[in-house]
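First the structure, in the form of structure tokens, and then the observations on it.
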Amino acid sequence: MKEITLRVFRYRPETEAEPTFQEYAVPLRDDWAVLDALNYVKEEIDPTLSYRWSCRMGICGSCGMTVNGDPKLSCGTFLVDHAPGPITVEPLRNFPVIRDLVIEMTDFMQKLGAVQPWIIRDESDDDPHTELLQTPSEMDDYKRYSMCINCMLCYSACPVYGLDSKFIGPAAIALAQRYNLDSRDEGQEERLDVLSDDEGVWGCTFVGECTRACPKGVDPAGAIQRAKLIAANEAVKAFLLPRWVR
Ligand code: FES
């Protein structure tokens, strides 16, 4: 059986040792992804290796890593595509590292929560059980943005977030658009406060790395441009038009 070398980032805070790379020879199988190789390392060679994964099928979003310099889902990145190797595996960039390939997600989760990712109903609708109907074409308006699996690859690819972690970032804006464009939602104005402030949509320089990195075709860069249009329209309405015209 042919082999390929994995160069894996190791960081163990309890040892106070500097981060280093450790090499492992793993079988080069056609059907193995980087995650399979890491699982082989953990089961057969070195049980101390730490990394996150769950579904192994591109659904849970937990196995994001930097593979040969690019943010990737390790369960969807095949060894043969990087043969003859070596394959360098590092944690996602732009996040603090907790241990080995495990990064700190708290900031990301807070950003998702800040855009109120749920349907905000019309307050005048006094019956919360009223069924809100939606046509297939209304659903098509936001469906793309609902495919996000929160894998954080877009934050790892984003140069703006890399320079300033206060930037709300691609996935949170795409998530806001998922609800802003939903015909059942009345929360655009509330989300606008977050999206249009200093750390909101205007920080994006539209280099499009987020869209390139996204494994689910969400197109966060497109979502950000649509969010900018909404924010700009609202700003025009608020500052240039007299109240009675709004
Ligand atoms: Fe779930 Fe890779 S393990 S997306």
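Quick rundown of the values:
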item: Residue that is hydrophobic (A, V, I, L, M, F, W, C), more than 16 Å from the ligand (Cβ to nearest atom), touching a strand residue (DSSP E or B) at 6+ places or on another chain (Cβ under 6 Å) and outside the structural domain of Y142 (by TED's automatic domain parsing), where the choices are L79, L28; result: L28
item: Selection status of R52, more than 15 Å from the ligand (Cβ to nearest atom), more than 26 Å from K2 (Cβ to Cβ) and either open to solvent by 60 Å² or more (accessible area, probe 1.4 Å) or not in a strand (DSSP E or B) (or both); result: no
item: Matching residues in the stretch 114-129 - criterion: being out of contact with any Phe, Trp or Tyr (no Cβ under 9 Å at 6 or more places or on another chain) and surrounded by 12 or more Cβ atoms within 10 Å (Cβ to Cβ); result: A114, R121, D122
item: Contacts under 7 angstrom Cβ, first residue in the stretch 168-184 being on the phi > 0 side of the Ramachandran plot, partner assigned to a helix (DSSP H, G or I), 6 or more apart; result: G169/K111; G169/Y155; G169/Y161
item: The stretch 213-234: number of residues that are part of a loop (DSSP other than H, G, I, E, B) and open to solvent by less than 20 Å² (accessible area, probe 1.4 Å); result: 1
item: Evaluation of E44 against (1) within 12 Å of the ligand (Cβ to nearest atom); (2) open to solvent by 80 Å² or more (accessible area, probe 1.4 Å); (3) outside any loop (DSSP other than H, G, I, E, B) (one fails), failing number; result: (1)
item: Selection within the stretch 13-38 - charged (D, E, K, R) and within 25 Å of the chain's Cα centre (by Cα); result: D36
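The values are calculated or read from the model by the stated rules, or taken from the named source; none is laboratory data. Values in this document were obtained by computation on a predicted structure and should not be read as measured data. Heads up, the Cβs are rebuilt from the backbone with ideal geometry, glycines too, and the neighbour counts pull from every protein chain shown. To get the accessible areas, we keep the full protein, side chains included, count just its heavy atoms, and leave off ligands, DNA and RNA. Shrake-Rupley method; radii C 1.70, N 1.55, O 1.52, S 1.80 Å.
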